[in-house]
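J.: Let me give you the structure first, and then I'll get to my questions.
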Amino acid sequence: MYRKHSGYFLAASLTAAIAVAPVAYAQTTLKLINEYPATSITATADLNFAEQVNKLSQGSLEIKTLQEKDNPFKGVDQVDAVSKGDVQMGTIFGGILGAKDSLFLLSSLPFASKDFKQARAIYTCAKPALEARAQALNTRLLYVTPWPPSGIWSVKPVANAEDLKNLKIRTYDQTSKAVFQNLGAESVNLPYSALAEKLAAGEVNAVLTSGDGGAGRKLWDHLPNFTAVNYSIPLSYTIINNDTWNKLSPEQQSTLTKAAEQVSEASWSGVEKRIDANYARMQENKMTLNKTPSAAVMEALSKAGAAETASWMKANPLDEREKACLN
């Protein structure tokens, strides 16, 4: 009798436990690549995105970030990796995406934006066209992250226009490469991931970048001067493979969209604060900052930039709506 009743009660207990146990859903994991270090503004945005996705999905959707050395893809291979589905998502600098479609270079045209408000207006205006161009690459645009304005990191101070000619400078797209070539400098278009080796070998003595966050760690040991020329306010674009997107449930798609909106807003509202933080970090590392470049330097860059923008516009015809975004 005892055994019979204990078996009955055991079965009843198990049935009750199963009835009240929460349903376990399989977790979906998406990998997100980024070639910049975790403390850079774009990588920080990605970590925020992963956190928001986890919260909104209650853990059923995971974003696994592969940043800097953990990212197996470099340069333009990152675009191909996301397009082909070798990795599900990527946060990719506009200069790299621009090698596939020049419209992604719009925000990084020289002196196109005088401040973040204008940079955001240009992006908002061009967003429908950028989304369509992303679709042509078999990807979907989720969000963008603005960088602080690009300046010149250099071995020697850039005090006058003649100093520009002595630069062997790393640039980040074909337009910036041409601008500095037109000024008489040696310039090479390199992704961030390829920079450390060139610096260590002494093949470059200057870099065009903001050097935001941890990105500066690879610069100040070699380049003790920074000239705040505010060349452009470039963007990084976070994209997801279209086939991956289409396999997600509507709820998962909604989660990614909501998280992307939150992260985008946080990036635009917080980017300006990073400039002072970056400058403070530069000074802590014994750098010399020139926040007011000479008129001669700015005039030379402005003229070369205007000429190259005109050449870019001729080589990359925009429709009337796209042209209006720059006005």
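The values are calculated or read from the model by the stated rules, or taken from the named source; none is laboratory data. All values reported here derive from a predicted model rather than from experimental measurement. Here Cβ is always computed from backbone atoms with ideal geometry, including for glycine, and neighbour counts include all displayed protein chains.
J.: What are the residue pairs meeting all of these: first residue in the range 237-265, first residue touching a residue at least 12 places away in the same chain (Cβ under 8 Å), second residue among the basic types (Lys, Arg) and part of a helix (DSSP H, G or I), Cβ atoms under 9 Å, and 6 or more apart or on different chains?
T.: Matching pairs, first to second residue: Asn241/Lys84; Ala259/Lys55.
J.: For the subset of the range 197-215 comprising residues that are in a helix (DSSP H, G or I) and over 20 Å from Ser107 (Cβ atoms), which member is modelled with the lowest pLDDT? Give the derivation first.
T.: We begin by selecting, within the range 197-215, every residue in a helix (DSSP H, G or I); these are 197-201, 213-215.
The next check asks that each one be over 20 Å from Ser107 (Cβ atoms); those that pass are 197-201, 214.
Numbers: Glu197: 90, Lys198: 92, Leu199: 91, Ala200: 90, Ala201: 91, Gly214: 62.
My answer is Gly214.
J.: Given the structure, is Ala277 surrounded by fewer than 19 Cβ atoms within 10 Å (Cβ to Cβ), out of contact with any strand residue (DSSP E or B) (no Cβ under 8 Å at 6 or more places or on another chain) and closer than 19 Å to Thr44 by Cβ? Can you show your working first?
T.: Numbers: surrounded by fewer than 19 Cβ atoms within 10 Å (Cβ to Cβ): yes; out of contact with any strand residue (DSSP E or B) (no Cβ under 8 Å at 6 or more places or on another chain): yes; closer than 19 Å to Thr44 by Cβ: yes.
Here the answer is yes, as Ala277 does meet what is asked.
J.: Let me ask you something else. If I ask for residues that are among the small types (Gly, Ala, Ser) and either buried (at least 19 other Cβ atoms within 10 Å of the Cβ) or assigned by TED's automatic domain parsing to the domain that holds Pro224 (or both), which ones from the range 135-156 would you list? Write out each step before concluding.
T.: Our first condition is that a residue be among the small types (Gly, Ala, Ser); within the range 135-156, this holds for 136, 150-151, 154.
Matches in the range 135-156: Ser150, Gly151, Ser154.
J.: Just the residues that are acidic (Asp, Glu) and in contact with a Ser or Thr (Cβ under 8 Å, 6 or more places away or on another chain), please, taken from the range 188-245. Quick ask: steps written out before the conclusion?
T.: Going residue by residue through the range 188-245, those that are acidic (Asp, Glu) are 197, 203, 212, 221, 243.
Hit for the range 188-245 is Asp212, nothing else.
J.: Only residues that are modelled with pLDDT of 95 or more, outside any helix (DSSP H, G or I), surrounded by 13 or more Cβ atoms within 10 Å (Cβ to Cβ) and polar (S, T, N, Q): list them for the range 280-327, please.
T.: Asn290, Ser294
J.: Name every residue in the range 225-256 that is in a loop (DSSP other than H, G, I, E, B), out of contact with any helix residue (DSSP H, G or I) (no Cβ under 8 Å at 6 or more places or on another chain) and among the small types (Gly, Ala, Ser), in order of residue number.
T.: Here is the first cut: in the range 225-256, the residues in a loop (DSSP other than H, G, I, E, B) are 228-234, 248-249.
Going one step further and asking which of them are out of contact with any helix residue (DSSP H, G or I) (no Cβ under 8 Å at 6 or more places or on another chain), we end up with 228, 230, 249.
Ala228, Ser249, listed by residue number.
J.: Checking Asn54 against (1) of a type outside the set (D, E, K, R); (2) at pLDDT 95 or above; (3) over 14 Å from the mean Cα position of the chain (by Cα); (4) more than 21 Å from Glu265 (Cα to Cα), which test does it fail?
T.: (4)
J.: Still on this structure, please answer the following. Given (1) within 22 Å of the chain's Cα centre (by Cα); (2) assigned by TED's automatic domain parsing to the domain that holds Lys177; (3) of a type outside the set (A, V, I, L, M), where does Ser302 come up short, assuming only one miss?
T.: It fails just one condition, (1).
J.: Check whether at least one residue in the range 184-196 is surrounded by 22 or more Cβ atoms within 10 Å (Cβ to Cβ), out of contact with any Lys or Arg (no Cβ under 7 Å at 6 or more places or on another chain) and outside any strand (DSSP E or B), and report yes or no.
T.: The answer is yes; a qualifying residue exists.
J.: Counting just the residues of the range 96-108 that are surrounded by fewer than 22 Cβ atoms within 10 Å (Cβ to Cβ) and in contact with a helix residue (DSSP H, G or I) (Cβ under 7 Å, 6 or more places away or on another chain), which one comes out nearest to Tyr231 (Cα to Cα)?
T.: Step one: list which residues in the range 96-108 are surrounded by fewer than 22 Cβ atoms within 10 Å (Cβ to Cβ), which gives 99-103.
The next check asks that each one be in contact with a helix residue (DSSP H, G or I) (Cβ under 7 Å, 6 or more places away or on another chain); those that pass are 100-101, 103.
Working: Lys100: 22, Asp101: 21, Leu103: 18 Å.
Selected residue: Leu103.
J.: Please determine, by comparing only the residues of the range 157-183 that are polar (S, T, N, Q) and part of a loop (DSSP other than H, G, I, E, B), which one is surrounded by the most Cβ atoms within 10 Å (Cβ to Cβ).
T.: Of the range 157-183, the ones polar (S, T, N, Q) are 160, 166, 171, 174-176, 181-182.
When the remaining residues are screened for being part of a loop (DSSP other than H, G, I, E, B), the result is 160, 166.
Details: Asn160: 14, Asn166: 16.
So, considering only residues that are polar (S, T, N, Q) and part of a loop (DSSP other than H, G, I, E, B), the one surrounded by the most Cβ atoms within 10 Å (Cβ to Cβ) is Asn166.
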